[in-house]
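Here the structure comes first, spelled out in structure tokens, and everything after it is commentary.
The values are calculated or read from the model by the stated rules, or taken from the named source; none is laboratory data. The model shown is predicted, which means the values in this text are computed figures rather than measured ones. All Cβ positions, glycine included, derive from the backbone under ideal geometry; neighbour counts span all protein chains shown.
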Amino acid sequence: MRINDAVTGGVLLASAVALGLYSSTLPATPGQDYGAAVFPMAIAILVGGLSLFLIASGARAWRGVVELPDRERSFHGPAKFALAFGSVLFYLLAAEPLGFAVCSVLIVFALCVSLGTRWWMAALVALGITAAIHVTFSDLLKVPLPLGILAPLVR
């Protein structure tokens, strides 16, 4: 299933406007030129601008709101959707006992293989993406990620 870019762009534009309106209510930081609203406002402006391009390209190629190519009328489309939905559900249930790293590697590996990637390349991508996300969130942004079964190795 393919949703027209104009529809997606409209939803993103509405989201960007809502984010911009909300971020304008955030308080300023005393003694600084910028405050809590700067980053969300920048994201809102960027997403809003890019959504206008999506709306324009979708309007030029309009064939309806939803288009179903022949290849997606088969079993593969719903199966890939179920895999993506199942991945989110798996993470929600298994993140605490297994840990972020294990869950992330398994999910990215499964998604890559489902898209036709060779198993060894999927394994490398899964390890690389997991490491990059872990460094970004845990080390740089100081967001605690669940360690799970790897906790005895880390501490």
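Name the one entry in VAL66, VAL7, VAL108 that is closer than 30 Å to VAL154 by Cβ, in contact (Cβ under 8 Å) with a residue 12 or more places away in the chain, among the β-branched types (Val, Ile, Thr) and out of contact with any Phe, Trp or Tyr (no Cβ under 7 Å at 6 or more places or on another chain).
Matching residue, one of VAL66, VAL7, VAL108: VAL108.
For the range 116-138, give me the residue count where each residue is loosely packed, with under 10 Cβ neighbours inside 10 Å and modelled with pLDDT under 90.
1
Picking from ALA94, ALA28, which residue would you name as being out of contact with any Lys or Arg (no Cβ under 9 Å at 6 or more places or on another chain) and surrounded by fewer than 16 Cβ atoms within 10 Å (Cβ to Cβ)?
ALA28
Checking VAL143 against (1) within 30 Å of LEU21 (Cβ to Cβ); (2) in a helix (DSSP H, G or I); (3) outside the structural domain of VAL17 (by TED's automatic domain parsing): exactly one of these is not met. Which one?
Looking at each condition in turn, VAL143 falls short on (2).
Is one or more of the residues making up the range 59-67 of a type in the set (D, E, K, R), modelled with pLDDT under 90 and within 18 Å of the chain's Cα centre (by Cα)?
No, because not a single residue in the range 59-67 is of a type in the set (D, E, K, R), modelled with pLDDT under 90 and within 18 Å of the chain's Cα centre (by Cα).
Considering (1) within 25 Å of SER138 (Cα to Cα); (2) surrounded by 12 or more Cβ atoms within 10 Å (Cβ to Cβ); (3) modelled with pLDDT of 95 or more, say which one LEU13 fails and leave the rest.
Against the list (1) within 25 Å of SER138 (Cα to Cα); (2) surrounded by 12 or more Cβ atoms within 10 Å (Cβ to Cβ); (3) modelled with pLDDT of 95 or more, LEU13 comes up short only on (1).
Only one residue in SER104, SER23 is modelled with pLDDT of 95 or more, among the small types (Gly, Ala, Ser) and surrounded by 16 or more Cβ atoms within 10 Å (Cβ to Cβ), so which one is that?
Just one listed residue meets the conditions, SER104.
Restricting the first residue to the range 25-39 and requiring it to be hydroxyl-bearing (Ser, Thr, Tyr), which pairs with a second residue that is in a loop (DSSP other than H, G, I, E, B) meet a Cβ separation below 9 Å and a spacing of at least six or different chains?
THR25/ALA37; THR29/GLY35; THR29/ALA36; TYR34/ALA28
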